[in-house]
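Step one of this worksheet: look at the structure below.
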Amino acid sequence: MNYIINHKTQNIGKEMGLISANAATIERSGFSKKIEIVAKNWSIIFIAILTIIFSFTGKGFLSLNNFQYIIHLSTVFLLLAAAETFVIITGGIDLSVGFIMGLSSVLSAKVMQVIYQGGGTEPLSILVGTIVGLAVSLLPGLINGILIARYNVPPFIATLGMWGITNGITLKICQGFPIASLPPSLVRIGNGFFIYILPHKVMSFFHKPPGIADEEIRELVRIFPLSIFFSVIVLFLLWHLLKNTKFGLHTYAIGGSMDAAVRSGINVKKHLILIYTLSSFLAGLAGVFNVFQTGIGNFTPYNAMYELYAIAAVVIGGASLMGGKGSIIGSILGVILLKLLENGLQISGIEPFYRFIAVGFILIIAVIIDQLFPDLF
Amino acid sequence: MQEYSADKINDKFDRKFLVFLGRYWAVIFLVVETIIFSFLARGFLTLRGIQIVFFFGTAIFLLGTAETFVIITGGIDLSVGFVMGFASIVSAKIIVALTNSGLTPALSIIFGIILTLMIGLIPGYINGILVARWKVPPFIATFSMLAITHGVSELLIQGVPAKNLPYLANDIGNGYFIYIVPGKVISFFNKPERIRGETLLEIIPNVVVFTFILILIFAFILKRTKFGQHTYAIGGNVDAALRAGINVKRHLTLIYVISSFFASSAGVIYMLKYVTGKADAGAGFLLDSIVAVVIGGASLYGGKGTVGGTILGCLILAVLETGLRIKGMSTFDKYIAVGVILIFAVLIDQFFPELIHKGD
């Protein structure tokens, strides 16, 4: 076995001391080809298997409502995972996304609250709050990027420092209490659906059909949470960015080999700064969306470990912490796998602690598969 | 030909000053910080105050030492926080079980601790196997272990914190090494009967003694034994270490076992101090331990770092947190401060790389 030592400086892999096995060429006999296919798409297969299992063990798992619920809840994580995808492909890591999300949640909520309580109209307060939240969320990423690209601070440390700083600032703003008294429309938008159907009777768009009796509400079928449109649009844009533009190409290049990227004329410093700013912006977007979803501005709790979940999802989706590999689709699958697992276990009545254990196991499996079949993703 | 122009001499002094600042910035920072807090918080720079810092900081010291070993090999251990919590729960449960089955408090505590430390090696062993044999990146492997130990801890408690520990545990955990009634009594480990009006001096909490014995032993191992040298070698260049005949796989596994050992020791000490077991007892200290190691001069790429440096880093953080706590300041500020210190530490390391690490 040959051991290749990875000497990339900006590289989380070297930071973390990963010894990468030399990828021997895999013989493509018939049988191993089948194994390849399984391994390559293991996350999809896993999702399918889990779905089947949980539909037996959990009442109500296999329902339109539940699936939409899962996707609805995943929105925030999808954004965070997308953010990490870009960063991880360049061989870096961003530990601050969880708290940046909290910061933008709290900040945008605060602005909305102040304007709304001060007599502003709902649309105005919501709009201004959103803009402020998004604008401010560019800042931590910019700082991260400058520290990493220009001052050669290891991404782990730079984003860890920003992790602490953003958390502290967030808590200072909200003093430990979620920010409430926000415009009520927020929750309607955030949790609204595209189509509401009362079977055989009424169909309406964007809000519940007016004038239905209470007993009939239970029969109401809701399709396409608005959050799906949101996620799909954002994720599609990001997917396109990563896959089809020069920006995306450069991202992979930097992750593959920073020296080669520099030599081929890519402005690596500028690109990295952009990457971390993008990551932090997406985290900010997640934070603002969270306000729409929950109706309050909540800081990220200490133990939530959102960033670690996002990173886990990206790795499950096939990215390598050494950089150069990964995809938006893979990360999406990773998030769905994790969220599905969590939801399924919850509906099946399994206590929370097993969920932690399950996530840990899946992560290890993901990485081991990645080790065994390194060229497939 | 040497030139003695005035400019040159000035430059030399300035440069020497900068070198001094760069090399000893951590010590200077600690001193400044202590002075600031001694003004801000009454009673900070007293015998009692200083001991509080150490008493509170035992977890940081132990976890920091754990991370030192791992980080020198170029890895990282994210699970130490929850292994600590796990150990606190396991030790509490075992001791309670032993006491209930008739063993004396002293014996049950001793056996409980020994068993816990043995069990606490398991997470580290698994980490080591994952990292060394299955080539899982340390970040991922130890993160998974974090999740798994968290789950197991919660499973063990089922929502009810462990309690009903014998009083002896509390006495040990909160007791001191030396008790002095000036002019009358000196006693070790046992609090003497005190008559009203007499002052009782308590010196060096027991838990601090345990902590530092452990740390000193392993600091010695790191610095003076072949094991320590191999650790640095692996961190410096794995390939070269392999070719030099070092059994890297086994060594790395041992390193993570050591880390886990320290984490469980921290858990045991937590149990002794607070007479309970909590799953997230150590969660807050993970960040601190890594920051302390970096402040102490280690590089996340491996190959550099010392236990002494880490202890310095731990002190800085322990002083900071204790000071903020005494002052009644919110923990919010702590996060900001720690984040800033971390970045500061690394920047300094960038600007003065040759100077920080004497004798490297």
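The values are calculated or read from the model by the stated rules, or taken from the named source; none is laboratory data. This is a predicted model, so every value here is computed, not measured. Every residue, glycine as well, gets a Cβ built from its backbone with ideal geometry; the counts of neighbours run over all protein chains shown.
Here are the numbers for the structure shown:
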read-out	value
Restricting region B:259-315 to residues that are within 13 Å of another protein chain (Cβ to nearest Cβ) and in contact with a Lys or Arg (Cβ under 8 Å, 6 or more places away or on another chain), the residue that is farthest from B:Asn170 (Cα to Cα)	B:Tyr301
Filter result (among the small types (Gly, Ala, Ser), closer than 23 Å to A:Ser279 by Cα and more than 8 Å from chain B (Cβ to nearest Cβ)) within region A:160-181	none
Number of positions in region B:335-360 that are within 7 Å of chain A (Cβ to nearest Cβ) and modelled with pLDDT under 75	1
Hits in region A:275-319 (condition: within 28 Å of A:Ser181 (Cβ to Cβ) and outside any helix (DSSP H, G or I))	A:Gly295, A:Ile296, A:Gly297, A:Asn298, A:Phe299, A:Thr300, A:Pro301
A:Leu363 being surrounded by 24 or more Cβ atoms within 10 Å (Cβ to Cβ) and closer than 13 Å to B:Phe143 by Cβ	yes
Of residues in region A:93-108 being within 10 Å of A:Ala83 (Cβ to Cβ) and part of a helix (DSSP H, G or I), the one nearest to the other protein chains (Cβ to nearest Cβ)	A:Ile100
Test: residue in region B:61-73 that is closer than 30 Å to B:Leu324 by Cβ and over 19 Å from the mean Cα position of the chain (by Cα)	no
Test: residue in region A:350-370 that is touching a residue at least 24 places away in the same chain (Cβ under 8 Å) and of a type in the set (Ser, Thr, Tyr)	no
Residue within region A:124-143 that is polar (S, T, N, Q) and modelled with pLDDT of 90 or more present	yes
Only listed residue being under 12 Å from the mean Cα position of the chain (by Cα) and within 12 Å of chain B (Cβ to nearest Cβ), chosen from A:Leu363, A:Leu308, A:Leu282, A:Leu321	A:Leu308
Residues that are of a type in the set (S, T, N, Q) and at pLDDT 95 or above, drawn from region B:220-264	B:Thr253, B:Ser259, B:Ser260, B:Ser264
Any hit, region B:294-304, residues being in contact with a His (Cβ under 8 Å, 6 or more places away or on another chain) and either without any contact (Cβ under 8 Å) to a residue 40 or more places away in the chain or surrounded by fewer than 24 Cβ atoms within 10 Å (Cβ to Cβ) (or both)	yes
Single condition A:Asn290 does not satisfy, out of (1) out of contact with any helix residue (DSSP H, G or I) (no Cβ under 6 Å at 6 or more places or on another chain); (2) farther than 21 Å from A:Leu147 by Cα	(1)
Residue list for region A:351-360, filter: under 11 Å from B:Ser144 (Cα atoms) and facing another protein chain (nearest Cβ under 7 Å)	A:Phe356, A:Ile357, A:Val359, A:Gly360
Residue count for region A:141-159, restricted to those that are part of a loop (DSSP other than H, G, I, E, B) and more than 10 Å from every other protein chain (Cβ to nearest Cβ)	1
Inter-residue pairs, beta-carbon under 8 Å, first over 11 Å from A:Leu341 (Cα atoms) and in region A:50-66, second exposed (fewer than 13 other Cβ atoms within 10 Å of the Cβ) and modelled with pLDDT under 80, 6+ apart	A:Gly58/A:Gly349; A:Asn66/A:Gly60
Selection status of A:Val335, modelled with pLDDT of 85 or more and away from chain B (no Cβ under 13 Å)	yes
Region B:84-117, subset in contact (Cβ under 8 Å) with a residue 60 or more places away in the chain and either within 13 Å of another protein chain (Cβ to nearest Cβ) or on the phi > 0 side of the Ramachandran plot (or both), residue surrounded by the most Cβ atoms within 10 Å (Cβ to Cβ)	B:Phe86
Test result for A:Ile88, at pLDDT below 85 and among the β-branched types (Val, Ile, Thr)	no
From the options A:Ile266, A:Ile329, residue that is surrounded by fewer than 21 Cβ atoms within 10 Å (Cβ to Cβ), assigned to a loop (DSSP other than H, G, I, E, B) and aliphatic (A, V, I, L, M)	A:Ile266
Qualifying positions in region B:133-188 - assigned to a helix (DSSP H, G or I) and more than 14 Å from chain A (Cβ to nearest Cβ)	B:Tyr167, B:Leu168, B:Ala169, B:Asn170, B:Asp171, B:Ile172, B:Gly173, B:Asn174
Some residue of region B:128-146 being surrounded by fewer than 22 Cβ atoms within 10 Å (Cβ to Cβ), free of Cβ contacts under 8 Å to residues at least 24 places away in the same chain and among the hydrophobic types (A, V, I, L, M, F, W, C)	yes
